[in-house]
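Some notes on the structure that comes next.
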Amino acid sequence: MDTNQYMVMFLEESREHLQTLNSCLLDLEHNPENLSVLNEIFRSAHTIKGMSATMGFTKIAELTHEMENVLDLLRKNQLEPSEDIVDTIFKCVDTLEQMVESVASGADIDIDVSDLIAKLLSIAKGDVVAETTAKTVATKETVAETSTSGKSQMDLSDMEVSIIANAQKDGLQTLEIKVSLTDSCVLKSARAYMVMNNLDELGEVIKAIPSTDDLEQEKFEKSFQVLVVTDEEVARVESSLMSISEVETVEIVVIDAQNQISKEQEIKEVAVKVEQVSTDEKKEIKAEPNKNNVQANNVDKKLKSGQSVRVDIDKLDSLLNLVGELVINKTRLEQIGITHRLTELVETIEQMDRVTTDLQSVVMKVRMVPVGQVFNRFPRMVRDLSRDLEKEINLIIEGEETELDRTVIDEIGDPLVHLLRNSIDHGIELPEERRAKGKSSIGEVRLIARHEGNNVIIMVEDDGKGINAEVIKRKAVQKGLISQAEADKMDNNEAVKLVFLPGFSTAEVVTDVSGRGVGMDAVKNKIESLGGLVDVETKLDEGSKFKIRLPLTLAIIQALLIKVQEEIYAIPLGSIDSTINIGSEDIKTVQNQEVILLRGQIIPIIRLANLLNVPQQVATNSKDLFVVIVHMGDQKAGIIVDNLIGQQEIVIKTLGKLLAGIKVIAGATILGNGQVALILDVGTLMNNR
Amino acid sequence: MMVEEREYSNNEEQLVVFKLAREEYGVSILNVQEIKRITEITRVPYTPEFIKGVMNLRGSVLPVIDTKKRLGIENEEYTDDTRIIILKVDEVSIGMIVDAVSEVIAIPQDKIEPPESVVARYEHSFISGVGNLENRLIILLDLVEMIGIGTEAK
């Protein structure tokens, strides 16, 4: 049977459950008494076990199985969740993550789990051994009873009977196995496949009712029967089958070849009776674990029935592209309507405008994902880091529900990891140091996300030692990043921003965690490539705050179209403060830099025509000037343009690989008339003036 | 049919032939995606001089090369015959302005001479060979060098 079609599902669900495991384990660490958390951990582990077994990833199944044993003991209060145990389980989760990722990448990396399994076994030792023996005894009793019957319920052909007889001569036994799946089982064929797979490993399957083909095509209700010749013990076969999730019961009957041949009705009746009795007993034995099983499945179902659909991000991208095209064409129609004064067309377009706007916002919303998806892996990371560094850290996460475009979410993880690591490694002091400074020995790291206008702000804040501007300056000079003269001129605020320069690392000792000198500039580059900004504020001994400002979306923005000579450019509305009209006499110079005074604020002027080397084609009116006031962070600048065309929704297109990375240009867009207009990158524009 | 075609292209090179001033040039038909009339091209600042700008090709933005400037040929006004050849080279789509597109021809491999054999007035590296047909010479362009993927254009 082809398991490929379930692969994507398996990977996604495994990742989800591993994530749940991680966060629940963290919970457990803080509230060891919380039984519901334990139950959830158990359920997730159990599901992973079942899924991986179904998919034939035996090692994953094996590891989760042992994990489950330990978890079960914890759940039954036979074990205390000590630090050691939780650590071991964390390690298991890490290893499982590696295994799942290696499955995902298609690389068949052999990850050694024997150490972990041994560790789990030693944790579970004692109680677990006792339990399994109890179980085996119970099974054996029933087996003893059933074997006396030794009559198959199946109709066997002569050929099959002779196989059974031969097997018995060779000292092998024949088992008739009836497997029932739970009612909630979704992938019945997959489970059946797994059962057959397990049985193939243990012995030889000689008959199945319904036939193997029918099983694969799910042509059965909830149970099926298999006849197997094996030299394994009944208990071993049973436990192998019960380890498959969603298997409700396994009934095993040892078949006696002698009885098989004599086909007397009487014996058959007796056999059935005896067998039924033993089956009932078995059901009783199984009843307890099964209840949990069923419960787990029910809970899963409830969660999943949140009426959601998984969609490939590529499909969303192409949908967004199409909407973008639609917006462009709508704008084109608008222009036709206006130029030809077709009132009816204009009215229709207004209707269409509403629809496209709605459509666009829906598509954008569909692509929005809460940042929690990225944030939820941090508590674990912070926990591990604080242990490694022997620091006490309390991570506070706020605003997990803040939504960002999917493409941004995918990219934002690494920079945040960098920032958090930095805060923990360099920012937060060791406990004794903190106490000496009169702070609480537990350091606080805050990860906060929130909306701010058309942007999302993500902040990484710590109450650590802050960044020492003097040290930064000294380092930067040492590394030849700036000259001493430059350093002397800098104020503290500017100096702190030097950490974003390439090749800068402040760590006195390069630790495993950070300080390889690739950190902060990589963060800055990444954020800027997403159209965002990163800024830092710090106070010595009080902490530092890294603030990331990201655009909500990367695809469609509001922009102001402006004209310089005959060229049209778009300025993202998000970075525009206002537009003003000034006379040429309003421009003053300060140290050769042209500035204007706006409400008492001195604002530097950028002459776009000069900056972009726009060829002079028409004489411009140099008396009345249009100035677009833009801002980036706290900085402001005035851009002198020849004309303002108006505000428009534009679809951002890249300039392609060949022209990527041009200064001042953030991208291009297609106007209503089909012409390409370039989008100005206000950030670099201001730095390049 | 398929087999025939393959054999055909093994010994012969199929070229799209175009004119720049009075010279004939060719590029492999496999690189050519389509041929368009000249349209509006938007100048892009901070790019090498031979990048004429960007154009709109059904919703995507493509860079356009001023081929004559790139090859150092005297520039003339656009005419009715001026075309943009849309090329795809190493996954990069790009437009190339030419004076006229004349035809598609097949040149046998053995009629193509290495660039060294020509006394080149231009940068040697842009020419990958010269097709020598009875009374015409067709200069084969090395597109990767010409559009300067990953080097000059940046």
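The values are calculated or read from the model by the stated rules, or taken from the named source; none is laboratory data. Because the structure is predicted, anything quoted here is derived from the model rather than measured. Note that we place each Cβ from the backbone using ideal geometry, even for glycine, and neighbour counts take in every protein chain shown.
In the stretch A:566-575, is there at least one residue being more than 30 Å from residue A:405 (Cα to Cα) and out of contact with any Asp or Glu (no Cβ under 7 Å at 6 or more places or on another chain)? Yes, the stretch A:566-575 has at least one match. Condition first: at the interface with chain A (Cβ under 10 Å from one of its Cβ atoms), out of contact with any Pro (no Cβ under 8 Å at 6 or more places or on another chain) and surrounded by 15 or more Cβ atoms within 10 Å (Cβ to Cβ). Can you find one or more residues in the stretch B:80-91 that meet it? Yes, the stretch B:80-91 contains at least one residue that is at the interface with chain A (Cβ under 10 Å from one of its Cβ atoms), out of contact with any Pro (no Cβ under 8 Å at 6 or more places or on another chain) and surrounded by 15 or more Cβ atoms within 10 Å (Cβ to Cβ).
Select from the stretch A:446-500 the residues that are within 30 Å of residue A:372 (Cα to Cα) and among the acidic types (Asp, Glu) and write down the one among them that is surrounded by the most Cβ atoms within 10 Å (Cβ to Cβ). Only one residue fits best here, namely A:462. Checked against (1) more than 26 Å from residue A:198 (Cα to Cα); (2) part of a helix (DSSP H, G or I); (3) at pLDDT below 80; (4) not β-branched (Val, Ile, Thr), residue A:77 passes all but a single condition, namely (2). Out of all the residues in the stretch A:632-651, is one or more within 40 Å of the chain's Cα centre (by Cα) and assigned to a loop (DSSP other than H, G, I, E, B)? Yes, because at least one residue in the stretch A:632-651 is within 40 Å of the chain's Cα centre (by Cα) and assigned to a loop (DSSP other than H, G, I, E, B).
For every residue, the table says whether it meets (1) out of contact with any Pro (no Cβ under 6 Å at 6 or more places or on another chain); (2) surrounded by fewer than 17 Cβ atoms within 10 Å (Cβ to Cβ); (3) outside any strand (DSSP E or B).
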| position | (1), (2), (3) |
| --- | --- |
| A:164 | yes, no, yes |
| A:168 | yes, no, yes |
| A:171 | yes, yes, yes |
| A:176 | yes, no, no |
| A:183 | yes, yes, yes |
| A:186 | yes, yes, yes |
| A:199 | yes, no, yes |
| A:204 | yes, yes, no |
| A:214 | yes, yes, yes |
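The set of residues in the stretch A:1-35 that are exposed (fewer than 14 other Cβ atoms within 10 Å of the Cβ) and at pLDDT 80 or above contains only A:12. Do we have residue A:416 as assigned to a helix (DSSP H, G or I) and touching a helix residue (DSSP H, G or I) at 6+ places or on another chain (Cβ under 8 Å) here? Considered against the rule, which asks whether it is assigned to a helix (DSSP H, G or I) and touching a helix residue (DSSP H, G or I) at 6+ places or on another chain (Cβ under 8 Å), residue A:416 comes out as yes. Of all residues in the stretch B:76-91, those satisfying the criterion of being in a loop (DSSP other than H, G, I, E, B) and out of contact with any strand residue (DSSP E or B) (no Cβ under 6 Å at 6 or more places or on another chain) are B:76, B:77, B:78, B:79, B:80, B:82, B:90, B:91.
Just a yes or no: is a residue in the stretch A:606-619 more than 30 Å from residue A:422 (Cβ to Cβ) and part of a strand (DSSP E or B)? Taking every residue of the stretch A:606-619 in turn, at least one turns out to be more than 30 Å from residue A:422 (Cβ to Cβ) and part of a strand (DSSP E or B). Residues of the stretch A:497-504 include at least one that is within 28 Å of residue A:576 (Cβ to Cβ) and either touching a Gly at 6+ places or on another chain (Cβ under 8 Å) or of a type outside the set (D, E, K, R) (or both). Scanning the stretch A:650-664 for residues that are facing another protein chain (nearest Cβ under 7 Å) and closer than 21 Å to residue A:577 by Cβ yields a count of 1. Within the stretch A:380-395, being under 14 Å from residue A:94 (Cα atoms) and crowded, with 17+ Cβ neighbours inside 10 Å holds for A:380, A:383. Close Cβ contacts (under 7 Å, 6 or more residues apart or on different chains) running from residues in the stretch A:477-498 that are modelled with pLDDT of 80 or more to residues that are loosely packed, with under 11 Cβ neighbours inside 10 Å and part of a loop (DSSP other than H, G, I, E, B) are absent. Given the residues A:625, A:658, which is the only one that is within 40 Å of the chain's Cα centre (by Cα) and buried (at least 19 other Cβ atoms within 10 Å of the Cβ)? Step by step, each of A:625, A:658 is checked, and only A:658 is within 40 Å of the chain's Cα centre (by Cα) and buried (at least 19 other Cβ atoms within 10 Å of the Cβ).
Within the stretch A:665-689, take every residue that is in contact with a strand residue (DSSP E or B) (Cβ under 7 Å, 6 or more places away or on another chain) and without any contact (Cβ under 8 Å) to a residue 24 or more places away in the chain and give me the one that is farthest from residue A:577 (Cα to Cα).
From the stretch A:665-689, those in contact with a strand residue (DSSP E or B) (Cβ under 7 Å, 6 or more places away or on another chain) are A:665-671, A:674-683, A:685-686, A:689; that's our starting set.
Subsequent filtering for residues that are without any contact (Cβ under 8 Å) to a residue 24 or more places away in the chain retains A:665, A:667-668, A:676, A:681.
Values: A:665: 20, A:667: 21, A:668: 22, A:676: 25, A:681: 15 Å.
Ranking the candidates gives A:676 first.
Residue A:54 satisfies every condition listed in (1) at pLDDT 80 or above; (2) among the polar types (S, T, N, Q); (3) over 26 Å from residue A:382 (Cβ atoms) except (1). Is there any pair linking a residue in the stretch A:438-466 that is on the phi > 0 side of the Ramachandran plot and part of a loop (DSSP other than H, G, I, E, B) to one that is buried (at least 18 other Cβ atoms within 10 Å of the Cβ) and not small (Gly, Ala, Ser), with Cβ under 8 Å and at least six apart or on different chains, and which? Close Cβ pairs satisfying both conditions: A:466/A:538.
Yes or no: residue A:547 away from chain B (no Cβ under 14 Å), touching a strand residue (DSSP E or B) at 6+ places or on another chain (Cβ under 6 Å) and at pLDDT 85 or above?
Details: away from chain B (no Cβ under 14 Å): yes; touching a strand residue (DSSP E or B) at 6+ places or on another chain (Cβ under 6 Å): yes; at pLDDT 85 or above: yes.
Yes; evaluated as a whole, the condition is true for this residue.
Inside the stretch A:665-682, can you point out the residues that are of a type outside the set (D, E, K, R), closer than 25 Å to residue A:631 by Cα and more than 7 Å from chain B (Cβ to nearest Cβ)? A:666, A:667, A:669, A:671, A:679, A:680, A:682, listed by residue number.
Looking only at residues in the stretch B:46-72 that are surrounded by 14 or more Cβ atoms within 10 Å (Cβ to Cβ), assigned to a loop (DSSP other than H, G, I, E, B) and touching a helix residue (DSSP H, G or I) at 6+ places or on another chain (Cβ under 8 Å), the one that is nearest to the other protein chains (Cβ to nearest Cβ) is B:59. In the stretch A:634-650 there is at least one residue that is under 30 Å from residue A:337 (Cβ atoms), touching a Pro at 6+ places or on another chain (Cβ under 9 Å) and modelled with pLDDT of 80 or more.
The rows are residues; the columns are (1) outside any strand (DSSP E or B); (2) of a type in the set (D, E, K, R); (3) at positive phi; (4) free of Cβ contacts under 8 Å to residues at least 12 places away in the same chain.
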residue: A:527; (1), (2), (3), (4): yes, no, no, no
residue: A:531; (1), (2), (3), (4): yes, no, yes, no
residue: A:534; (1), (2), (3), (4): no, no, no, no
residue: A:538; (1), (2), (3), (4): no, no, no, no
residue: A:547; (1), (2), (3), (4): no, yes, no, no
residue: A:550; (1), (2), (3), (4): no, no, no, no
residue: A:557; (1), (2), (3), (4): no, no, no, no
residue: A:561; (1), (2), (3), (4): no, no, no, no
residue: A:568; (1), (2), (3), (4): no, no, no, no
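In the stretch A:414-428, the residues that are over 17 Å from residue A:442 (Cα atoms) reach residues that are assigned to a helix (DSSP H, G or I) with C-beta atoms within less than 6 angstrom, at least six apart or across chains, in these pairs: A:415/A:523; A:415/A:526; A:415/A:527; A:418/A:519; A:418/A:523.
Within the stretch B:35-45, how many residues are of a type in the set (D, E, K, R) and within 10 Å of chain A (Cβ to nearest Cβ)?
Looking only at the stretch B:35-45, we keep the residues that are of a type in the set (D, E, K, R), and these are B:36-37, B:40, B:43.
Within this subset, residues satisfying the condition of being within 10 Å of chain A (Cβ to nearest Cβ) are B:40, B:43.
Residues flagged as of a type in the set (D, E, K, R) and within 10 Å of chain A (Cβ to nearest Cβ) within the stretch B:35-45 amount to 2.
Out of the residues in the stretch A:346-394 that are assigned by TED's automatic domain parsing to the domain that holds residue A:444, in a helix (DSSP H, G or I) and among the acidic types (Asp, Glu), which is farthest from the chain's Cα centre (by Cα)? This residue is A:388.
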